[in-house]
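A short worksheet on the structure shown next.
The values are calculated or read from the model by the stated rules, or taken from the named source; none is laboratory data. Note that the structure is a prediction, hence the values are computed from the model and not measured. Glycine also receives a Cβ, built like all others from the backbone with ideal geometry; neighbour counts cover every protein chain displayed.
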Amino acid sequence: MHELSLAEHALAIIEETARREGFTRVHRVRVEVGRLSHVEPDALRFAFSAVCVGSCADGAVLEIIDIPGEGECPQCRTRSPMDAEPAWCPRCESSPLRVVGGTRMAVRDVFVDDAGVGAERP
Ligand SMILES: [Zn+2]
């Protein structure tokens with residue numbers, strides 16, 4: 001199950017952030033989920049609450065931010081939003097777009113009380 005490994009990965013980032021920032025309790029976690037990432041939000045929420053049991057994020061609310069997909073035309077290099085694959089270039093209509101964005105899930109913020117702590121990685 002795709003969502004389970006993503007949830008485990010998210011928890012690893014959260015725990016690392018908690019260690020670095022010195023907090024023990026996480027109330028809310030904001031993640032970005034690309035529309036082309038094949039992540040099912042409900043499945044992700046379920047997996048996340050399951051892997052967080054006993055951790056610093058046990059019971060934390062998972063806030064999911066929807067990130068639009070983006071594609072680039074290999075012929076004319078036009079970039080356009082895309083929500084599903086395949087999608088055709090809206091300009092030259094000659095090629096399926098190559099996916100360039102919206103394929104990932106990333107932990108954006110970890111909230112301890114009301115203050116957000118950035119969890120972005122280089
Ligand atoms: Zn094109």
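Quick notes on this one:
- Residues being within 18 Å of Arg104 (Cβ to Cβ) and touching a strand residue (DSSP E or B) at 6+ places or on another chain (Cβ under 8 Å) - total across the stretch 28-83: 29
- When every residue of the stretch 24-33 is checked against the conditions, at least one turns out to be assigned to a loop (DSSP other than H, G, I, E, B) and buried (at least 16 other Cβ atoms within 10 Å of the Cβ).
Table: residues versus (1) in a strand (DSSP E or B); (2) within 17 Å of Glu3 (Cα to Cα); (3) out of contact with any Ser or Thr (no Cβ under 9 Å at 6 or more places or on another chain).
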| site | (1), (2), (3) |
| --- | --- |
| Ala47 | no, yes, no |
| Ala50 | no, yes, yes |
| Asp58 | no, no, no |
| Glu63 | yes, yes, yes |
| Pro81 | yes, no, yes |
| Glu85 | no, no, yes |
| Ser94 | no, no, yes |
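- When Ala43 is tested against the conditions (1) of a type outside the set (S, T, N, Q); (2) surrounded by fewer than 18 Cβ atoms within 10 Å (Cβ to Cβ); (3) farther than 27 Å from Val99 by Cα; (4) modelled with pLDDT of 95 or more, the lone failure is (3).
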